[in-house]
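Engineer: Before we start, here is the structure in question, set down as structure tokens.
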Amino acid sequence: MPLQALQHLARKDKVMGRLIERVGPCTLKPANRRNPFEALVHSVAHQQLHGNAAAAILRRVKALYTGKRFPNPADILATSDKHLRAAGLSRAKVAAIRACHAL
């Protein structure tokens, strides 16, 4: 975490400030780094579904974008609802994922 972010956190939250002072900055690093858009798409896909079902749907969604590890927001916006729904996403999930492009 950058020094400026640590200082801001310590100022805004006294408990965290004391912890940072006592222990130092967090040194944990996520093993799987997704960009924010990909993380949101994964979160939306997993809502109210078993993990295996969501993973299968995400595999089908990713298969729509040959040659890419994961689609970007522009790819999703350019894909018809029909294709995203055929991959297994509900109407609500398609709408939520499309709304994520602005983040």
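The values are calculated or read from the model by the stated rules, or taken from the named source; none is laboratory data. It should be emphasised that the depicted structure is a prediction, and the values quoted were computed from it without experimental measurement. We place every Cβ from the backbone using ideal geometry, glycine too, and count neighbours over all the protein chains shown.
Engineer: Restricted to segment 16-43, and to residues that are exposed (fewer than 10 other Cβ atoms within 10 Å of the Cβ) and among the β-branched types (Val, Ile, Thr), which residue is modelled with the highest pLDDT?
Structural biologist: Result: 23.
Engineer: Of the residues that make up segment 14-27, is at least one under 19 Å from residue 90 (Cα atoms) and of a type outside the set (Val, Ile, Thr)? Break it down into steps so the answer makes sense when it comes.
Structural biologist: First, pick out the residues of segment 14-27 that are under 19 Å from residue 90 (Cα atoms): none.
No, that holds for no residue.
Engineer: Let me ask something else about it. Counting only residues that are under 11 Å from residue 98 (Cβ atoms) and either of a type in the set (A, V, I, L, M, F, W, C) or assigned to a loop (DSSP other than H, G, I, E, B) (or both), how many does segment 41-77 have?
Structural biologist: 4
Engineer: When segment 78-103 is examined, which residues are found to be assigned to a loop (DSSP other than H, G, I, E, B) and either at pLDDT below 95 or surrounded by fewer than 11 Cβ atoms within 10 Å (Cβ to Cβ) (or both)? Talk me through it step by step, then tell me what you get.
Structural biologist: Quick first cut of segment 78-103, residues assigned to a loop (DSSP other than H, G, I, E, B) only: 79-80, 87-90, 101-103.
Of everything in segment 78-103, those that are assigned to a loop (DSSP other than H, G, I, E, B) and either at pLDDT below 95 or surrounded by fewer than 11 Cβ atoms within 10 Å (Cβ to Cβ) (or both) turn out to be 80, 101, 102, 103.
Engineer: How about segment 54-91: which of its residues are touching a helix residue (DSSP H, G or I) at 6+ places or on another chain (Cβ under 9 Å) and aliphatic (A, V, I, L, M)?
Structural biologist: The answer is 54, 55, 57, 58, 61, 64, 76, 77, 84, 86, 87, 89.
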